[in-house]
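Participant: Structure incoming, see below.
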Amino acid sequence: PGSSTMTMLEQSRTLLRGILRDLLPPGTRCALVLYPDHWNAGDAAIWFGTRQLLRELDVHLAYGCDTTSYDPGALRRALPDGPILIAGGGNFGDVYVPENALRLRILEDHPGRPVIQLPQSIWFRGHDGVAVMADAIRRHGRCTLLLRDAPSLAFAERHFSAPARLCPDAAIALD
């Protein structure tokens, strides 16, 4: 059992690296937003896995923030162009209000600029929140969604006009 588990883990790590390498060539400068300044240790593991993975891929962070420290002007000064990465986890939807608000703000403040939602699970309370997010993604025009589970991928493909891919959670990048 141990060797097959390692094989599955390595396969998932290889898939994660390959997907991000396709989106973020070596030398890319980017922003990483939605630092998890809260109690959930799983989100911290995702954040640190993402940071480790970006270093391995030679992707450089020029800006980072949490839900309370986001400053669109500071982001533009630190990174006049280049992709904005939104940290992964399980907070895509209207259930987690501060995270949802920041995600919507990023899309509104940076139309047409590449925004990559790192591996997430989707969870909305109702249709109104879905409609708001769908409209923000449509108006933005350059959002890529990476989803960490098949139901979230199916949901994204049904409701959002953005490229969507199944992608392993970034926490698996941790040693």
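The values are calculated or read from the model by the stated rules, or taken from the named source; none is laboratory data. None of the values given here were measured: they were computed from a predicted structure. Every residue, glycine as well, gets a Cβ built from its backbone with ideal geometry; the counts of neighbours run over all protein chains shown. Side chains are part of the model used for accessible areas, which takes the heavy atoms of the whole protein and leaves out ligands, DNA and RNA. Shrake-Rupley method; radii C 1.70, N 1.55, O 1.52, S 1.80 Å.
Participant: Taking the stretch 48-64 on its own, how many of its residues are out of contact with any strand residue (DSSP E or B) (no Cβ under 9 Å at 6 or more places or on another chain) and open to solvent by less than 50 Å² (accessible area, probe 1.4 Å)?
Facilitator: Number satisfying all stated conditions: 4.
Participant: Next question. Could you list, in sequence order, the residues of the stretch 9-41 that are open to solvent by 70 Å² or more (accessible area, probe 1.4 Å), in contact (Cβ under 8 Å) with a residue 24 or more places away in the chain and either more than 21 Å from N91 (Cβ to Cβ) or not acidic (D, E) (or both)?
Facilitator: L15, R21, P26, R29, Y35
Participant: Residues of the stretch 91-109 being outside any loop (DSSP other than H, G, I, E, B), β-branched (V, I, T) and open to solvent by less than 40 Å² (accessible area, probe 1.4 Å), which ones? Talk me through it step by step, then tell me what you get.
Facilitator: Applying the first criterion (outside any loop (DSSP other than H, G, I, E, B)) to the stretch 91-109 yields 91-92, 97-109.
Adding the requirement that they be β-branched (V, I, T) leaves 97, 106.
I106 - this is the single residue of the stretch 91-109 that is outside any loop (DSSP other than H, G, I, E, B), β-branched (V, I, T) and open to solvent by less than 40 Å² (accessible area, probe 1.4 Å).
Participant: Identify all residues within the stretch 80-90 that are more than 21 Å from C167 (Cα to Cα) and either open to solvent by less than 30 Å² (accessible area, probe 1.4 Å) or touching a residue at least 40 places away in the same chain (Cβ under 8 Å) (or both); write none if there are none.
Facilitator: G82
Participant: Among the candidates R77, R138, which residue alone is open to solvent by 20 Å² or more (accessible area, probe 1.4 Å), within 25 Å of R51 (Cα to Cα), part of a helix (DSSP H, G or I) and of a type in the set (D, E, K, R)?
Facilitator: On the way: R138 fails: within 25 Å of R51 (Cα to Cα).
Every option except R77 fails the conditions.
Participant: A further question follows. Starting from the stretch 150-165, take each residue that is on the phi < 0 side of the Ramachandran plot and list its partners that are in a helix (DSSP H, G or I) and β-branched (V, I, T), counting only C-beta distances under 7 angstrom and pairs at least six apart or across chains.
Facilitator: That search, which allows pairs on different chains as well, returns H159/V130; F160/I137; S161/I137; A162/I137; R165/I19.
Participant: Looking for something closer than 27 Å to Y96 by Cβ and outside any strand (DSSP E or B) - is there at least one such residue anywhere in the stretch 2-11? Walk me through it before giving the result.
Facilitator: Kept after step one, since they are closer than 27 Å to Y96 by Cβ, are these residues of the stretch 2-11: none.
No, the stretch 2-11 has no match at all.
Participant: Follow-up question, since we're still on this one. Can we say L145 is aliphatic (A, V, I, L, M), in contact with a Ser or Thr (Cβ under 9 Å, 6 or more places away or on another chain) and not in a loop (DSSP other than H, G, I, E, B)?
Facilitator: yes
Participant: Yes or no: T67 β-branched (V, I, T) and either assigned to a loop (DSSP other than H, G, I, E, B) or open to solvent by less than 30 Å² (accessible area, probe 1.4 Å) (or both)?
Facilitator: So T67 fits the description; yes.
Participant: I84 - would you say it is more than 13 Å from A170 (Cβ to Cβ) and hydrophobic (A, V, I, L, M, F, W, C)?
Facilitator: In short, yes.
Participant: Another one. A44 - would you say it is small (G, A, S), open to solvent by less than 30 Å² (accessible area, probe 1.4 Å) and under 28 Å from E108 (Cα atoms)?
Facilitator: So A44 does not fit the description; no.
Participant: From L32, L15, L61, L54, grab the single residue that is in a helix (DSSP H, G or I) and closer than 23 Å to I106 by Cβ.
Facilitator: None of the others qualify; the one that does is L54.
Participant: Just wondering, is there one or more residues in the stretch 97-109 that are over 13 Å from the mean Cα position of the chain (by Cα), under 26 Å from L174 (Cα atoms) and not β-branched (V, I, T)?
Facilitator: no
Participant: I'm trying to understand the selection: among the residues of the stretch 148-173, which are assigned to a loop (DSSP other than H, G, I, E, B), open to solvent by 40 Å² or more (accessible area, probe 1.4 Å) and farther than 26 Å from F48 by Cβ?
Facilitator: S161, P163
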